[in-house]
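Working notes, structure below.
Coordinate-derived values only; no laboratory data. No experiment lies behind these values; they were computed from the predicted model shown. Using ideal geometry, Cβ is built from the backbone for each residue, glycine included, and neighbour counts are taken over all protein chains shown.
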Amino acid sequence: MEIINKTALQFAVVVDEQNHLLGTVTDGDIRRGILRGEGLDVPIRSIMNENPISAKSGQNASKYKQLMKIKKLKQLPITNEHNQIVDVLFIDDLSINTNENQVILMLGGLGTRLRPLTNDIPKPMLRVGNKPIVETIVDGFKQYGYSNFIFSVNYKKEVIQNYFQSGEALGITIDYIEEQKRMGTAGALSLIEHRPSEPFFVMNGDLLTQVNFDQLMQFHSEQNSVATMCVREYEFQIPYGVIETKGTDLISIKEKPVHRSFVNAGIYVLSPEVFDYIPNDTYYDMPTLFETLIEYGMKTSVFPIHEYWLDIGQVDDFHRANQKYKELSLI
């Protein structure tokens, strides 16, 4: 009680002689012990929480803050790989750096494959868990300090604009670009009036992911790329024996082989100079932009993501996302 009162933090960590985390004690733990009839001279083990929530050192501050928010913690012990305490974080002291890089979300798709779910609302506004898909995307960027958004809208645009408005209620700013016709993921960028002066994100509005956006932006900068594409490994099995031949000779038989390839994950980081390669008022998709940049000898990169990722393209994907959303810390 003296330790807790001295720090005014209402919290103490219990360790052994080697500084291993044994438990935590709050003012509430002491009060509950007293209510149970425990005397003030009992060993601390009788009232401490022997299974406190903790986190390993070396993670991004935003991850710690996210964990504390989900678990409704005011403090979080940080341990090393040997479970020795190295720090204690308090929610009031955790701040996330503000990043000025813009986030452009492509929300204009018709959602044809998701009908009838999208008869009255655009696909990014379908609710997974307790919020629209696009709000979950916004929250994912916010946890890394990104708050400047551009929404590219078309189909049922008023639903999105009425819900988010200026973004002030979510602590972000939102500008809108309105596609009068299908423009493609890259073509819509030509509608931006004030082009970004720093590298910026472009992301499809029907994705759920836990990708670390700070790591993605840092990777783009380290590679000195003008364009970085996030990719995922995709595998499929051929249901037959595959025959390798040389002329009429049979060389080998591979029974039901599994093929693995990287596929486009619909998340990009682009540098401002890419605008010079995007035609005005023309349908232009992102793979075509990358092909053009490669033809001109521009540096392009791929960023493989191993984190959770789901493209909600069909009704089955939507139902699968809703079945699993409680397991995802991003929702």
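Entry for the stretch 165-212 at q = 0.19, 0.22, 0.24, 0.25 Å⁻¹: log10 I(q)/I(0) = -0.91, -1.15, -1.25, -1.27, Debye formula applied to identical alpha-carbon scatterers, no solvent contribution. Taking the helices alone, the chain has a mean residue ellipticity at 222 nm of -6500 deg cm²/dmol, built from -39,500 (n - 2.57) per DSSP H run of at least 4 residues and averaged over all its residues. Distance from the C-alpha centroid of the stretch 224-298 to that of the stretch 1-62: 53 Å, rounded to the whole angstrom. For the stretch 41-48, 3J(HN,Hα) computed residue by residue from phi via the Karplus equation (6.51, -1.76, 1.60; θ = phi - 60°) reads 9, 6, x, 4, 4, 6, 10, 6 Hz, glycine and proline entered as x.
Kirkwood hydrodynamic radius, computed over distinct alpha-carbon pairs, for the stretch 2-93: how many Å, to one decimal?
On the way: mean 1/r = 0.0714 Å⁻¹.
Kirkwood radius, the stretch 2-93: 14.0 Å.
If you take all C-alpha pairs in the stretch 113-250, what percent of them are over 28 Å apart? Intermediate results must be reported in sequence, preceding the final value.
Working: 2998 of 9453 pairs.
Above the 28 Å cut-off, the stretch 113-250 has 32 percent of its Cα pairs.
Helix 133-142 axis versus longest C-alpha principal axis of the chain: approximately 60°, rounded to the nearest ten.
Applying a 10 Å radius around every beta-carbon, put 220-231, 68-79 in order of their mean neighbour count, most first.
Values: 220-231: 18.9, 68-79: 15.7.
My ranking of the peptides, most packed first, is 220-231, 68-79.
In terms of other Cβ atoms within 10 Å, Met106, Met1 run from fewest to most in the order Met1, Met106.
Close amide H contacts of Ile267 (hydrogens built in the peptide plane, cut-off under 5 Å, sequence separation of 5 or more or a different chain): Cys230. The simple spin-label model puts a point 7 Å past each Cα toward its Cβ; for Met1 and Asp120 those points are separated by 6.0 nm. In this structure, Glu193 and Val258 have a Cβ-Cβ separation that, at R0 = 45 Å, corresponds to a calculated FRET efficiency of about 0.40.
Taking a quarter of the surface of the convex hull around the Cα atoms of the chain, what do you get in nm²?
Values: hull surface 102.4 nm².
Approximately 25.6 nm², given one-decimal rounding.
Helix 61-71 and the longest principal axis of the Cα set of the chain meet at an angle near 70°. The tail of the calculated P(r) for the stretch 101-163, taken as Cα-Cα distances beyond 15 Å, holds 51 percent of the pairs. All other residues whose Cβ lies under 13 angstrom from that of Asp139 are scored, Lys and Arg at +1 and Asp and Glu at -1, for a net of +3. Within a straight-line Cα-Cα reach of under 12 Å, Lys69 can be paired with the following aspartates and glutamates, leaving aside sequence neighbours fewer than 8 residues apart in one chain: Asp92.
Magnitude of the Cβ-charge dipole of the stretch 1-62, K/R +1 and D/E -1, about the Cα centre, nearest 20 debye?
Details: 6 positive and 8 negative charges, 45 e Å.
That gives a dipole near 220 debye.
Treating only the Cβ atoms of Lys and Arg (+1) and Asp and Glu (-1) as charged, compute the dipole magnitude of the chain about its Cα centre; round to the nearest 20 debye. Walk me through the numbers before you get to the answer.
Details: 32 positive and 42 negative charges, 206 e Å.
Here the size comes out at about 1000 debye.
Helix 213-222 axis versus longest C-alpha principal axis of the chain: approximately 60°, rounded to the nearest ten. Contact order for the chain, expressed relative to its length and based on alpha carbon pairs under 8 Å spaced 6+ residues apart, stands at 16 percent.
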